[in-house]
1. As an exercise, find the ratio Rg/Rh for the stretch 253-336 from alpha-carbon atoms, using the Kirkwood inverse-distance average for Rh.
2. Any idea how far the Cα center of the stretch 98-126 sits from the one of the stretch 1-27, in Å?
3. Have a look at the DSSP beta bridges in the chain and tell me what percent are antiparallel, nearest 5.
4. Can you give me the convex hull volume of the Cα atoms of the stretch 1-110, divided per residue and expressed in Å³?
5. Among 399, 223, which comes first, second and so on when ranked by fewest other beta-carbon atoms within 10 Å?
6. Among 317, 81, rank each residue by its count of other Cβ atoms within 10 Å, from fewest to most, as a rough exposure measure.
7. Please work out whether the stretch 361-410 counts as rounded, prolate or oblate from its C-alpha gyration tensor, where a ≥ b ≥ c are the square roots of the eigenvalues and a/c under 1.5 means rounded, while otherwise a/b larger than b/c means prolate and anything else oblate?
8. Helix 154-166: angle to the longest alpha-carbon principal axis of the chain, degrees 0 to 90, nearest 10?
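Bear in mind these aren't lab numbers, they're just calculated from the coordinates by the rules spelled out. Values in this document were obtained by computation on a predicted structure and should not be read as measured data. Note that each Cβ is placed from the backbone with ideal geometry, even for glycine, and that neighbours are counted across all protein chains shown.
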């Protein structure tokens, strides 16, 4: 029985990054031997065990063979005779296919250390094409390590393109796609995830709502970058720069989907893109089974983000309508997430990257003061139903006007 530290722990240590999780591979062992040694089995498809004290994962060395299409279409084989080199061969990228024995000796049959030094993401073998999830994983790693200068190897980009042309991407399971997308949005450069997929010719097959935005013009006065797809990538970059949470980053991703469907005769303007984008956002979320919280925030941001941009121009009654339509009075935290997405949108433009965006703070301040109002004067009036609703609205509107008159732009 031989233990090897494998994968990301070695990669991240070599890059002087924080090592968050350590995975192990065991050769020369059977499941019964692992159980007898106190390891707890957790693997469903192949033998994986938790260490009795550290709770780190230990997997028996294995090989795999493609038998049907899709992520789950593999047949795994474990045996005490399988070597660490054979186990590493099934991995996706050379930088993830390194191991270390207990003495600290590096096992690197596919030159992952060299690719780390050269800042290259390269597939281990042609078996890469057998697993369509790897298309998403390599784009996610590109988003994670772009700030360190990593790029995808030419031959690996060609393999990704071949996967797209093979139709294998249609076998992807929605939950797996969402899992990879969510992780990618949390990376230091989430825009690189989509740029990599587009560069490899598969963005249109996976996320057509994003791909369709490239080449769509916008008014240069407001968007000097002009291209809507470029603007979206800039907004995603800003979402990371602002350290937005993953739900809000997803809202940024979806906020301009409607610009892809703008009638040609009104271009480069995009009147009505907010409403057009709602259906596309719902379609995107249904296809990839996006959780309800992320979906609802994304739909709301898509429909109402320009309201935040125009906060200083709206009448008090319109602002109150806006708060009511977004359920902001009951869910101020979600409303705040939307305003932060709007900051990323506003700064995701050439020349505006560091500009102030006071509209977000203004909207949140008005909402905070409205939610802090003492409503007992109305609630104790004895009114019921619609009469109570009208009285509450009149009360709030009266106070909102006073708030804005006292400090209209603070």
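1. A ratio of 1.00.
2. Value for the Cα centre distance between the two parts: 11 Å.
3. Antiparallel bridges make up about 80 percent of those DSSP assigns within the chain.
4. Here the figure is 114 Å³ per residue.
5. Starting with the residue having the fewest Cβ neighbours, the order is 399, 223.
6. So the ranking, lowest neighbour count to highest, is 81, 317.
7. Numbers: a/c = 2.78, a/b = 2.52, b/c = 1.10.
Verdict is prolate for the stretch 361-410.
8. 70 degrees
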